[in-house]
Amino acid sequence: MDTRFTGVIPPVVTPFKNGEVDYDSLDRLIELLIEGGVNGLFLMGSSGQTAYLTDAQRDAIIERTVAKVAGRVPVLAGAIDTTAARVIEQAKRARALGADAIVASCPFYALNDMAEIEDHFRAIHEAVDLPLFAYDVPVRLNGKKLDTAMLVRLGTEGVLAGVKDSSGDDVSFRRLVAANEKAGHPLAVLTGHECVVDGMLLLGADGCVPGYGNVEPRPYADLWEAAQRGDWAEARRIQDGICAGFEIVFVPVGRSGDAGGIGSFKTVMEAQGTIASNEMPFPLRALEGEVKEGVLAIARERGLI
């Protein structure tokens with residue numbers, strides 16, 4: 001296992017202002033995360049709203065982040081696209097811009113079976129000389145859940161360096177951790193299930209990719225350190241506090257998945273002064289009015305603003 005890609009690796013939110021990516025806010029966010037003790041940064045994932053970005057914007061964000069990070073932590077770049085050929089194009093650009101690893105999902109819109117998905121990951125690995133993570137996020141990918149045996153096989157063969165699991169399927173996650181251990185632990189297995197990080201670390205996860213870490217990075221770093229010490233009572237205490245703050249995502253009832261949760265993060269981040277606006281990419285609408293006030297009320301109660 002490549003130990004560079006363990007610990008707390010938040011998926012970086014993409015700030016917007018007046019319809020464009022807000023790079024000054026991105027700079028502040030990167031500093032906040034690094035000062036908060038994170039172990040890496042993941043760009044171009046769901047929290048980064050990569051689906052709404054042009055290729056030019058994706059490249060500019062990677063370039064800006066790599067320059068700002070200046071080698072302090074690894075930078076993982078999502079290359080999320082419909083087929084291997086398109087993923088490879090994006091991954092090659094990310095490599096040229098200084099990314100340390102690539103995160104790729106299985107194909108979407110294209111309807112592939114698991115054997116074809118395996119070939120998809122093999123092709124990306126062969127074409128791009130960077131560590132490759134499989135992004136397991138069925139909710140965005142035709143409901144396709146990546147097969148545990150396939151992931152571990154690709155890990156033992158050196159095709160995959162790790163898995164970013166955002167399936168929300170904790171039984172499957174535990175089976176992956178167990179199979180990975182049995183195979184000699186070739187994969188860095190990271191959970192994206194941010195409210196049960198303590199439990200996932202207890203069962204053997206190698207780290208977490210918490211979207212809520214954009215709002216509160218330090219508690220996740222403290223949680224990781226507590227887990228490394230084996231202080232599970234402290235880990236649970238920290239996780240309980242995180243979950244109390246995470247209640248902000250349940251305020252925007254009826255909003256789309258892209259607008260509600262990430263919109264809640266951005267609303268608090270705006271109030272914290274990390275980003276200039278809680279603006280969302282078109283056609284998503286920023287939280288406002290009573291919903292915005294409901295999010296901020298929780299943030300005030302938790303001492304986040």
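The values are calculated or read from the model by the stated rules, or taken from the named source; none is laboratory data. Given the structure is predicted, the values throughout are model-derived calculations rather than measurements. Protein only, heavy atoms only, side chains kept; ligands, DNA and RNA dropped before computing areas. Shrake-Rupley method; radii C 1.70, N 1.55, O 1.52, S 1.80 Å.
Estimated at 0.36 nm per residue, the fully extended path between E116 and A286 surpasses their Cα-Cα distance by 57.4 nm. When the helices in the chain are scored as -39500 (n - 2.57) per DSSP H run of 4 or longer and the sum is shared across all residues, what 222 nm value do you end up with, to the nearest 500 deg cm²/dmol? After summing the helix terms and dividing by residue count, I get -14500 deg cm²/dmol.
Once you order the gyration tensor axes a ≥ b ≥ c over the Cα atoms, which shape class does the stretch 155-219 get: rounded for a/c under 1.5, otherwise prolate or oblate by comparing a/b with b/c? It comes out prolate by the Cα gyration axes.
Taking every C-alpha pair closer than 8 Å and separated by at least 6 residues, the mean separation divided by the residue count of the stretch 13-127 gives a relative contact order of 23 percent. Shape class for the stretch 7-230: oblate, because the ratio a/c of the largest to smallest gyration tensor axis (alpha-carbon atoms, square roots of eigenvalues) is 1.5 or more and b/c is at least a/b.
At the residue level, H193 shows approximately 60 square angstrom of accessible surface with a 1.4 angstrom probe and all protein chains present. For the chain, the per residue solvent-accessible surface stands at 41 Å², with DNA, RNA and ligands left out and a 1.4 Å probe.
Within the full protein context, the accessible area of W232 is estimated at about 80 Å² for a probe radius of 1.4 Å.
Summary of the geometry: the stretch 71-116 and the stretch 25-57, compared by the centres of their Cα atoms, lie 16 Å apart.
Once you reduce the stretch 127-161 and the stretch 173-214 to the center of their Cα atoms, the two points are 14 Å from each other. Under 5 Å between amide hydrogens, built in the peptide plane, is the criterion, and for G7 it picks out G207, C208 among residues at least 5 positions away or on other chains.
For the stretch 202-251, just say rounded, prolate or oblate: build the C-alpha gyration tensor, square-root its eigenvalues into a ≥ b ≥ c, call rounded for a/c under 1.5, and beyond that prolate if a/b exceeds b/c, oblate if not. Verdict is prolate for the stretch 202-251.
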